[in-house]
Each structure stands twice: as structure tokens, then as C-alpha cells.
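First comes the structure, then the notes that go with it.
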Amino acid sequence: MNVYDWDDTIYRGDSTMGMVLYAYGHRPKTLLSIPRTAVCGLLFVLHLLPKQTFKENLFHMFTLIDDMEDFVEEYTSSHLDHIKDWYRNVQNEDDVVISASPEFMIRSFCDKAGIKYVIASPVDMHTGKYTGKNCHGEEKVRRYREVFGEAPIDKFYSDSKSDTPLAKLAAEAFLVKGDTLREWKL
């Protein structure tokens, strides 16, 4: 089985920030969330606010979107072209995507792309609140083991060294920079 990070790995760019910007442009009421996000962003940069708390405050904007299910479908449908060609050329039926982005959004993308195994951050799409831990670093390993047990990972792909714990589980690991794949030196 092959395992992939999502953002900047098989998806060109950061899908969460893309969704936030898309909301500002397509659901103008979300612009009201900018002051809150700016204050929390500053506190996060100053290390006075944990990452997950910052993200919950950013995701609070979801409360301003009356048709969240429709919005997610609209956003993911309009951004499927961000899935990189190199991934489409190697895609397998049993691929797994593990991401720190909200699960409801990643699942919507993956359903459309024909990827059935998705592990991502559990975020309530209506409140923006986490219902579990942010799926990042060691948490990705824990969540993988929770779903797949000791099933081996043949190949792992990510753009970020923060995924080293998951890369260590794979027979082969690759760092992705743009459309370039290179062997991950562990």
C-alpha cells in the first residue's frame, strides 16, 4: 500500500488556505472572520497560542457559511485540477491519503479523485471545532496504526520533513517538491 500526504504533495498548494480564500471570495460574510483570524495568527506566531487552537479560530469562519455542505462540494469540484499529474500516473486502488487538513474537505476531494482511504484532522464543518487531534507528525503514525494496524507501507510521499515519523515506516519514502520526487534520506 502507498501512503501520501495531501497538501503540496499530490495537491498543488495548500487546500485549506485555498478553501479559506475561496470562502472570502464566494461567501463574503466570511470576511467578518478576518479580525479574529489576524489576532489569533499573531498570537500563534508569537508562540502564545497552540497550532490547533489557532486553526480552530481560523475555522470559526465556517459558522458564517449557511450552506457548508454545498460550499465544500463547490470548492472541491472547482479545484480538482490541482491534483498533480505525476500522482494520477501512479494512482492505485489502495492508496491512502493522510493529511493535517480537515477530513471533511480531504474526503470530498478524495471521493471525487477515486481515493477511498482517507485519514485527516477531525474538524466539525459547521463549528470549526476539532473533535480529536490535529493529524500531524507522530499523530499521523498513530492514526495510520489505528486504521491499518501493522500493515506495511510500500511507498510514502510527502513534501514535509514533519512527516518523518511516517516516512520511517515505509519501505521507500520520497520527498516531493513541486513535480519532482526524490528519495527521502532518513
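The values are calculated or read from the model by the stated rules, or taken from the named source; none is laboratory data. Computed from a predicted structure; not experimentally measured. In this analysis, Cβ positions are derived from the backbone assuming ideal geometry, glycine residues included, and neighbour counts consider all displayed protein chains. Protein only, heavy atoms only, side chains kept; ligands, DNA and RNA dropped before computing areas. Shrake-Rupley method; radii C 1.70, N 1.55, O 1.52, S 1.80 Å.
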Can you tell me, using C-alpha contacts under 8 Å and at least 6 residues apart, the relative contact order of the stretch 29-186 as a whole percent? 16 percent
Would you work out the charge dipole size for the chain about its Cα centre, treating the Cβ of every Lys and Arg as +1 and the Cβ of every Asp and Glu as -1, and quote it to the nearest 20 debye? 640 debye
Quick one: if you stick a label point 7 Å off each Cα along the C-beta vector at Asn89 and Arg142, how many nm between them? 3.8 nm
What aspartates and glutamates sit close enough to Lys161 to cross-link, taking a C-alpha to C-alpha distance under 18 Å and skipping anything fewer than 8 places away on the same chain? Asp5, Asp7, Asp8, Asp14, Glu138, Glu139, Glu172, Asp179, Glu183
Quick check: the angle from helix 103-113's long axis to the longest principal axis of the chain, C-alpha only, nearest 10 degrees? 60 degrees
So, with points 7 Å from each Cα along the Cβ direction, the Leu32-Lys51 label distance in nm works out to 3.1 nm
Here the percent of antiparallel bridges among DSSP beta bridges lying wholly in the chain, to the nearest 5, is 30 percent
Could you compute the FRET efficiency for Ala151 and Glu172, with r as their C-beta to C-beta distance and R0 at 22 Å, rounded to 0.05? 0.90
Taking the alpha-carbon centre of each part, the distance from the stretch 152-186 to the stretch 104-149 in Å is 19 Å
As I understand it, the value is the acute angle between the Cα axis of helix 68-78 and the longest principal axis of the Cα atoms of the chain; what does it come to in degrees, rounded to 10? 50 degrees
Taking +1 at the Cβ of each Lys and Arg and -1 at the Cβ of each Asp and Glu, which of Gly149, Cys40, Ala120 sits farthest along the dipole of the chain towards its positive end, judged by Cα position relative to the Cα centre? Cys40
Compute the projected area of the convex hull of the Cα atoms of the stretch 17-108, averaged over all viewing directions, and report it in nm² to one decimal place. 7.1 nm²
In sequence order, calculated HN-Hα J values of the stretch 125-130 (Karplus, 6.51, -1.76, 1.60; Hz; x Gly/Pro): 5, 9, 10, x, 7, 6
Longest principal axis of the chain (C-alpha) makes with the long axis of helix 15-26 (C-alpha) an angle, in degrees to the nearest 10, of 30 degrees
(1) 123; (2) 114; (3) 144, with the label sought being that of the calculated volume of the Cα convex hull per residue in Å³: (2)
Taking a threshold of 28 Å on the Cα-Cα distance, which of the pairs Lys84/Lys140; Lys84/Lys129; Lys140/Lys177; Lys55/Lys140; Lys116/Lys177 fall above it? Lys84/Lys129
Arrange the residues Leu58, Leu42, Leu32 by how much accessible surface each exposes, largest first, with a 1.4 angstrom probe. Leu32, Leu42, Leu58
Roughly how far apart, in whole Å, are the Cα centres of the stretch 24-40 and the stretch 53-75? 10 Å
